[in-house]
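Structure record follows, encoded as structure tokens.
No value in this document is a laboratory result; all are computed from the given coordinates. Since we're looking at a predicted model, the values are computed, not measured. Please note: Cβ atoms are built from the backbone with ideal geometry, for glycine as well, and neighbour counts cover all protein chains shown.
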Amino acid sequence: MKKLIHFFCFLVGLITIQSCIEPIEFATVSTDTNLVVSATITNEIKTQTIELSRTIPIDSTKLAPETNAKVYITDEAGVSYDFQETTTGVYTSINQFAATTNKQYKLIVETSNGQKYSSTEEALPPTSSINDINVSIENNEIDDIQEFVFKVTSNTSGDEGKFYRYEYDETYQIKTPIWSRKKLLIISDTPPYEFDLVDKTEEEDGIGFCYGNQKSKKILLTETKTLSQDQVIGFPIRQIPVNSYIIGIRYSILVKQYVINQNTFDFYTLLDKFSNPDDIFSQTQVGNIPSNITSLNNSEDKVIGFFEVSSVSNKRIFINRNDITETPFTNYRTVALCDERVNPEIIDAFGRSPLLDRLRTGWIYQSPPDLPIIPPNRLYQLAQKPCGDCSHLGAVNPPDFWTE
């Protein structure tokens, strides 16, 4: 049987070699560098932000921010709201302002090469606030898992037919599998090597917890125009597997609800069909998605993006895992994977420092050696850094809004 299998593999390999097709090298397809606009102003009094970039070739991975542009917004009363470039391709309003009802707003962009673009006039939609954010554990039949599902319910606005867009900003508490109150500092990395064991400080090192943060990447849309009343009821915003460490201890989610008009809703609906969920406004060519921004110099110069004027409401909730379920979760690094300990020499027979090498390659101080007699050249027991330091996943101190 083994000989037959070997012969079959040889035969398949031989046929494969003889039937190989000569690879074809594809030339880079030239594309127009259209302007990409991400522009949303709201009824919040704040510094408003607009992002400008250019479309990139399909084989490119580098973004192409649009720099040195003149950006401003005007209203029907002739008031101008000027923007300045604060980081590459990002323009923020010089003064804080908020969109108000009964006004029309227009975006103007003048690029450094003299091209000028203008949006249609857009008005602020009526407001509708978030009433509640509910969480439940539900079965995901597609993935055959249980999930925490966060759903939004809004207040009835009393107006006819609405369109909604959502974003979320989540923060979650993480605990290191192991924790030491001390850390080992490198004082001298040349012979004679010197190290100092010092106490950790809460401000710099925390107390064994970290606070991860993620923002929504998907386009989240719903509408109530087809419903009997203008109220969002139980719209799912976020799903998290029950065994995830993201919701292992304490979790908070800030949900933003944008009331938008139908044209904006239609734009995002089309964009969602073409978008990379990791970055919805830094795309390669995505086709002719309608925009409310046009070139004033060249009608063939297409713009990707939309000038959005929306009313927004926010709501944040906190939840403790133990208040919802007793189902265990899987931490980002399990205790079983953190059993390995090493006691490297401070200096070896060749004048090198195995301890220094370990500290530079992802190991941290954990405790004195687990030995009856501690050799003078092996004073420190080390563990892998992710086991006792979760700072690669988030800040070591809670954000200002965090409550226990």
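How compact is region 249-404 by the rule of thumb for globular proteins, expressed as Cα Rg over 2.2 N^0.38 Å?
My calculation over the Cα atoms of region 249-404 gives 1.80.
Structure shown: which of K103/K273; K46/K162; K103/K302; K46/K385; K225/K256; K62/K315 lie over 30 Å apart, alpha-carbon to alpha-carbon?
Going by Cα-Cα distance, K103/K273; K46/K385; K62/K315 fall outside the 30 Å limit.
So what's the angle, to the nearest 10 degrees on a 0 to 90 scale, between helix 2-18 and the longest Cα principal axis of the chain?
Between helix and principal axis, roughly 40 degrees.
Two decimals is fine: what's Rg over Rh for region 129-279, C-alpha atoms, Kirkwood radius as Rh?
Dividing the radius of gyration by the Kirkwood radius yields 1.18.
So for the pair T201, F329, with labels modelled 7 Å out along Cα→Cβ, what separation do we get in nm?
With each label placed 7 Å out from Cα toward Cβ, I get 3.0 nm.
Give the angle, between 0 and 90 degrees and rounded to the nearest 10, that separates the Cα long axis of helix 262-274 from the longest principal axis of the Cα atoms of the chain.
For helix 262-274, the angle is close to 40 degrees.
Output the Kirkwood hydrodynamic radius of the chain, Cα pairs only, in Å rounded to one decimal.
Answer for the chain: a Kirkwood hydrodynamic radius of 26.2 Å.
May I ask for the Kirkwood hydrodynamic radius of region 56-107, worked out over all distinct Cα pairs and given in angstroms to one decimal?
Answer for region 56-107: a Kirkwood hydrodynamic radius of 13.1 Å.
Along the charge dipole of the chain, which of I293, T190, N102 sits closest to the positive end, that is, farthest toward it, with unit charges on the beta carbon of Lys, Arg, Asp and Glu (+1, +1, -1, -1)?
The residue sitting farthest along the positive end of the dipole is T190.
Could you name the aspartates and glutamates whose alpha carbon sits less than 19 Å from that of K215, not counting residues in the same chain fewer than 8 places away?
Cross-link targets: E51, E147, E167, D169, E170, D272, D278, D279, D400.
Order these peptides, 254-267, 109-122, 78-91, by their mean beta-carbon neighbour count within 10 angstrom, highest first.
My ranking of the peptides, most packed first, is 254-267, 109-122, 78-91.
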